[in-house]
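Participant: First the structure, which I've put down as structure tokens, then a few questions once you've had a look.
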Amino acid sequence: MTSFAERPMSSKPNDCLEGGGDGAAPSTGRVFNIQRYSLNDGEGIRTVVFLKGCPLSCPWCSNPESRSSKPQVIRRETKCIHCEVCSWDVAECPSGALELVGTDMTMDELLKEIEKDDVFYRSSGGGVTLSGGEVLTQARFAIELLKRLKRLGYNTAIETTGHGNTALLMEMGKYCDEVLYDLKIMDPETAKKTTGINLQRSLDNFRGLIAQGTHVVPRIPLIPGYTMHAANIQAILDYLSEFDLKEVHLLPFHQFGANKYETFEMEYELKDVPVPTDNEVEAIKALVEARGYKVNVGG
Amino acid sequence: MSTPRIERLKADLFKDKREISLERALLYTESHKQTEGQHTLVRRALATAHILDNVAISIRSDELIAGNRTVKPRAGIMSPEMDPYWLDKELDIFDTRPQDQFHISEEDKKIYREELLPYWTKRSMKDFINSQFPEEIKAATAQKIFSVNQTDKGQGHIIIDFERLLGNGLGALLDELKDHSVKNPDNAFFSAVVILLEASIRHIRRYETLAREMAKTCGDDGRAKELLQIAALSAKIATEKPEDFFEAIQLFWYMNVILQYESNASSLSLGRFDQYMLPFYRASVAKGESPEALKEYLESLWVKTNDVVLLRSTGSAKFFAGFPTGYTILLGGLTANGRSAVNELSTLCLDAYQSIRLPQPNLGVRVNELIDREFLRKTAETVRMGTGIPQIFNDEVVVPAFLNRGVSLEDARDYSVVGCVELSIPGKTYGLHDIAMFNLLKVMELVLDRNKDNTEVTFEQLLSEIRQDIRHYVKLMAEGSNICDIGHRDWAPVPLLSSFISDCIDNGKDITYGGARYNFSGVQGIGIANLSDSLASLKAFVFDEKRATFKEFIEVLESNFEGEKGEQIRARLMNRYDKYGNDIDGVDTYGSDILRFYCKEVEQYANPRGGIFTPGSYTVSAHVPLGAVVGATPDGRHSGDQLADGGLSPMVGKDQKGPTAVLKSVSKLDNYLLSNGSLLNVKFTPSTLEGEQGLNKLADFLRAFMKLKLQHIQFNVLNADTLREAQQRPEDFAGLVVRVAGYSAFFVELSKEIQDDIIRRTAHEL
Ligand code: SF4
């Protein structure tokens, strides 16, 4: 069986949604993965920094390990060699099956990792994407990081759903070449109930970013039974019609996150939901293209 | 898409089981028996001429280009003059051996045993080499610390000066050589070349006659017309220089076949085809030839290069599986004055490959800062097909690497590749590029074993002993290689081949006598990935964390990680310490320091031809047999398991951070020193590179590869089959990342159902 334990790590200010005001950036960020050679998260060849913590709870989430702001110790059954007694000590586990998800990294440590692929960013016009979780949960750290990345001349992007402090998001937008902005369920009630999002705030933030000149790319996750029905897609397109946007990304639902729910002993409601067929995706793509957008499937 | 003719030619090639033809061996021997007492060069020339005059020839149905080494497609031929013994030993297993099977009839086996073997026993090159190897070298090769190659077959690994052939024609070359021969009547080399050029002309004329006869009886007007064209063309180019693409390719192919009879060697490679063929291609275009006809002709040639296969011994086939003959070609690159050399023929060569998709010619592309973006995209497009072709070479490293070996700037810019990845200057080099392989990991094993009972041992001391042993065995390896070098001079000189290598005519010397402009001996250092990983783990486990004494640790290795305790230690060694290929300086430095040390040792030695030894690092398939002789190692590798593939690639499953990290780790090696060539395999899934965007990202990736000053990269696609293997052996695929927007996880972490789904989709894509 899979096991999961929450370790009482040092409690940091970024354990909860950051508030507004002009608080200083924390000295560390809590990262649960750094993925190099990412090709579907913005321009060129990129490194994606996955920040831990998300205030929402989308049932289709493929990174459920990102939700909790706390570091977690997990045991990966595929790696475990079943010692006589499990030490439950990450440092002593021989197989690496015990893993600490969520590491606090200083700005310098993080930049050192990021800069390793400098030559790939410069050759491809790529750079760094901050993903999550929801970047807004670590907004101050993210802003500082983006500033540093811009100074190095990297292309920068964030993936967000806009559910967070408006002032911080606007500030963050200033240091982003691209904001990949998730638009999910457009009925405020259903959205609130399903994901916990404050839809109005998310949409206002979306508008705000565009108003201040930030380059925003709407991303629509296509989740059967949740976002992927005609009325919802129409509602998104209607909302987008007020802006002068060129491009829309469609992210078809996939089941790659399913296993993680088991590892983290979390309920997974979409276990038996089939992924959209190519035809279904094509049909929606056509719908969006008919409104004059360039459509990118899969990011 | 290919034309129906090309599809038929392709199908015919692979219809029947490969056979062994004794013809060359019999004709060679017949002549050799009658030339006792003459100079080796002349004897060899007469034997080859005898083959050219008498070997059965054929023009197969549908063929546009004539010239077959054997009547039956893809037959192996023998050279018992090099080593008659392995052939004898394997006669009964050629049909059933695990690698590279060939059929041979009972009757032929009898002929071999009754006629060929008795004659060549005690007369072969192998006898000479065995008698010359000192005990110390024999012991080291028996221990598999290093191997000396090409002790049983032709040397090959060379590119002739095709411009010389095509620009002059055989008639003019014969006149030139006759002139030299008259002026130097005592020079056996010139006499030999004259004999061979005359025989080559006669050989081509035999095809003319054959084509005419076939035209008379073929009964199909269309085909008769084609055969008469072949006849007319052959008649002309038997002596005259070619004037268009068809003539040039026909002469080119005849000469490739003829050279095969001379040495039956691996990798008489093709060099920079898009450069020397360009004038002829343009001449045909100017004459108004249709692009379709030109492409079909090129595709015919591509198919033909798959007809010549090499008969290897079981041992050799393990090192070079899949009987590659090494019709290697490099496209693009630089001109003599340093501009981009990409032209319309470079693109056509890739296009022809895209429709044919056969393993030969083994195409590669040279990249540099000046490469045209369109051609880079065409290259990326071909790479994305996932067949491993073209492989990529980096001018930004290879050109300086050659300058460092004393090659002129213009010659360095003209480099190409022989065999698989061995770097060579076409038409000017006799490089013995594949003369030896050195097992660096085996040396480490010896040092660790030797110190088992040394209670005072330190990590630094082990490192220093490894260096000392490398020094010692490199010296022996160079000695052994030089004995083999002389064996080839005295048993198997190649005068015809030599006449197409610059400076041999001026020097009046065969390449084996040191006639070529550049004379290298290339020796490969293998095992750098496992060595880095082993040293890092050993240091951490024993010396830093003190989890066991050195002796206890060696005992665990000797037990091959036996028992639960052993398995736990192995798990820790495999999983808890840094591994080469992840862009981590600590571990990468071990490999780069030791490889550099190896290179600096190698380059100190000279060969009998007046050249120097040059280091390389590639394995082709040698990582399997070289791994088989090394016991369990501190990187957690089981006894006998394979080493990391390629040469510079990380150990299987150990690269956890993707291809950019792999490239960064390899970039820390001093790639400029590996002037004999290196090999890096990188795995990728085609789905990550879909669409226009994906294509451009791959092209950009290649640019980054170039800037990191790596020498070589080859892309292996992860197809449905390899993903199924990943399900079976997750350990070997631990680093395989599933790349989807805003998401990340390793393939082996997914549930069986999801993995199956990905496999289904992948199968569908291909
Ligand atoms: S220590 Fe690691 S390998 Fe051992 S039982 Fe625990 S999780 Fe498994």
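Read the figures in this text as sums done on the coordinates, not as results from a lab. None of these values were measured; they are calculated from a predicted model. When we count neighbours, we look across all protein chains shown, and the Cβ atoms used for this are built from the backbone with ideal geometry, even at glycine.
Participant: Would you mind pulling out the separation of the Cα centroids of the stretch B:528-558 and the stretch B:294-316, in Å?
Facilitator: The stretch B:528-558 and the stretch B:294-316 have Cα centres separated by 46 Å.
Participant: Same structure again: Please give every one of the lysines within straight-line cross-link reach of A:Lys192, meaning a C-alpha to C-alpha distance under 19 Å, and leave out same-chain neighbours fewer than 8 residues apart.
Facilitator: A:Lys184
Participant: Order by neighbour count: A:His254, B:His488, fewest other Cβ atoms within 10 Å first, most last.
Facilitator: In order of increasing Cβ crowding within 10 Å: A:His254, B:His488.
Participant: I've got another one for you. Around B:Ser346, with a cut-off of 12 angstrom between Cβ atoms, what is the net charge of the other residues, counting Lys and Arg +1 and Asp and Glu -1? The partial results should precede the final answer.
Facilitator: On the way: positive: B:Arg272, B:Arg366, B:Lys378; negative: B:Asp274, B:Glu344, B:Asp351, B:Asp372, B:Glu374.
Net charge around B:Ser346: -2.
Participant: Still on this structure: Which is farthest toward the positive dipole end of the protein assembly as shown among A:Tyr261, A:Ser62, B:Cys484, measuring Cα position about the Cα centre, with Cβ charges +1 (Lys, Arg) and -1 (Asp, Glu)?
Facilitator: B:Cys484
Participant: How many times 2.2 N^0.38 Å is the alpha carbon radius of gyration of chain A? Display every interim value, and only then the final one.
Facilitator: Working: Rg = 19.4 Å, N = 299, 2.2 N^0.38 = 19.2 Å.
Here the Cα radius of gyration is 1.01 times the empirical estimate.
Participant: Using alpha carbons only, how many angstrom separate the centre of the stretch B:613-677 from the centre of the stretch B:183-258?
Facilitator: 45 Å
Participant: If you don't mind, another one. Take B:Asp756, B:Asp506 and order them by how many other Cβ atoms sit within 10 Å, fewest up front.
Facilitator: Numbers: B:Asp756 14, B:Asp506 10.
Listing B:Asp756, B:Asp506 from fewest to most nearby Cβ atoms yields B:Asp506, B:Asp756.
Participant: So, one more: Excluding B:Glu23 itself, calculate the net charge of residues whose Cβ lies under 12 Å from the Cβ of B:Glu23, where each Lys or Arg counts +1 and each Asp or Glu counts -1. Don't skip to the answer; put the middle values down first.
Facilitator: Values: positive: B:Arg24, B:Arg69, B:Lys72; negative: B:Glu19, B:Glu30, B:Asp108.
Cβ neighbours under 12 Å give a net charge of 0.
Participant: Let me ask you something else. Ranking B:Ile594, B:Ile758 by Cβ neighbours within 10 Å, fewest first, what do you get? Each step should come with its number before you reach the end.
Facilitator: On the way: B:Ile594 24, B:Ile758 21.
In order of increasing Cβ crowding within 10 Å: B:Ile758, B:Ile594.
Participant: In angstroms, what radius of gyration and Dmax does chain B have, counting Cα atoms only?
Facilitator: My reading of the Cα-based Rg and Dmax gives 26.4, 87 Å.
Participant: How large, in Å, is the stretch B:19-178 by the Kirkwood hydrodynamic radius built from its alpha-carbon pairs? Before the final figure, lay out the partial values.
Facilitator: Values: mean 1/r = 0.0542 Å⁻¹.
For the stretch B:19-178, the Kirkwood estimate is 18.4 Å.
Participant: In Å and from the alpha-carbon atoms only, list the Rg and Dmax of the stretch B:403-468.
Facilitator: Gyration radius and largest Cα-Cα distance of the stretch B:403-468: 19.5, 56 Å.
Participant: Report the convex hull volume per residue for the stretch A:173-220, counting only C-alpha atoms, in Å³.
Facilitator: On the way: hull volume 3.2 nm³, N = 48.
It comes to 66 Å³ per residue, whole-number rounded.
Participant: For the stretch B:293-435, what Kirkwood radius comes out of the mean inverse Cα-Cα distance, in Å? Walk me through the intermediate numbers first.
Facilitator: Details: mean 1/r = 0.0621 Å⁻¹.
Taking the inverse mean of 1/r over all distinct Cα pairs, the stretch B:293-435 comes out at 16.1 Å.
Participant: If you don't mind, another one. In square nanometres and to one decimal, what's the mean projected area of the convex hull around the Cα atoms of the stretch B:655-699?
Facilitator: On the way: hull surface 16.1 nm².
Its average projected convex-hull area is 4.0 nm².
Participant: Let me ask another. Rule-of-thumb check for the protein assembly as shown: C-alpha Rg over 2.2 N^0.38 Å? All intermediate terms of the calculation are to be shown ahead of the outcome.
Facilitator: Numbers: Rg = 32.2 Å, N = 1065, 2.2 N^0.38 = 31.1 Å.
This ratio for the protein assembly as shown stands at 1.03.
Participant: If you bin the C-alpha pair distances of the stretch A:124-178 every 10 Å from 0, what whole percents do you get?
Facilitator: So the P(r) values, bin by bin, are 27, 60, 13, 0.
Participant: If all Cα-Cα distances of the stretch B:636-725 are sorted into 10 Å bins from 0 onward, what percent lands in each bin, rounded to whole numbers?
Facilitator: Once binned at 10 Å, the Cα pair distances of the stretch B:636-725 give 14, 44, 33, 9, 1.
Participant: So in chain B, what percent of DSSP beta bridges are antiparallel if you round to the nearest 5? Display every interim value, and only then the final one.
Facilitator: Values: 15 of 47 bridges.
That works out to approximately 30 percent antiparallel.
Participant: Taking the square root of 5 times each eigenvalue of the Cα gyration tensor, what semi-axes in Å does the equivalent ellipsoid of the stretch B:543-596 have, largest first? Before the final figure, lay out each step's value.
Facilitator: On the way: eigenvalues 119, 34, 23 Å².
Rounded to whole Å, the semi-axes are 24, 13, 11.
Participant: Taking only DSSP H segments of four or more residues, each worth -39500 (n - 2.57), what value at 222 nm results for chain A once the sum is divided by all its residues, to the nearest 500 deg cm²/dmol? Don't skip to the end; give the middle numbers.
Facilitator: Working: 9 runs with 87 residues, N = 299.
Computed ellipticity for chain A at 222 nm equals -8500 deg cm²/dmol.
Participant: Something else about it: For the stretch A:108-254, compute Rg over Rh where Rg is the Cα radius of gyration and Rh is the Kirkwood radius from the inverse mean 1/r over Cα pairs. List each step's numbers first, then the result.
Facilitator: Working: Rg = 15.9 Å, Rh = 16.1 Å.
On the Cα set of the stretch A:108-254, Rg over Rh gives 0.99.
Participant: Still on this structure: Cα-Cα pairs above 19 Å in the stretch B:135-226: how many percent?
Facilitator: Details: 2821 of 4186 pairs.
In whole percent, the long-distance tail amounts to 67.
Participant: What net charge do the residues around B:Ala436 carry, taking every other residue with its C-beta under 11 Å from that of B:Ala436, with Lys and Arg at +1 and Asp and Glu at -1? Write out the running numbers ahead of the final one.
Facilitator: On the way: positive: none; negative: B:Asp434, B:Glu479, B:Asp485.
Within the 11 Å Cβ shell, the charges total -3.
Participant: Using only Cα atoms, what Kirkwood radius does the stretch B:517-662 have, in angstroms? Please list the in-between numbers first.
Facilitator: Values: mean 1/r = 0.0613 Å⁻¹.
About 16.3 Å for the stretch B:517-662.
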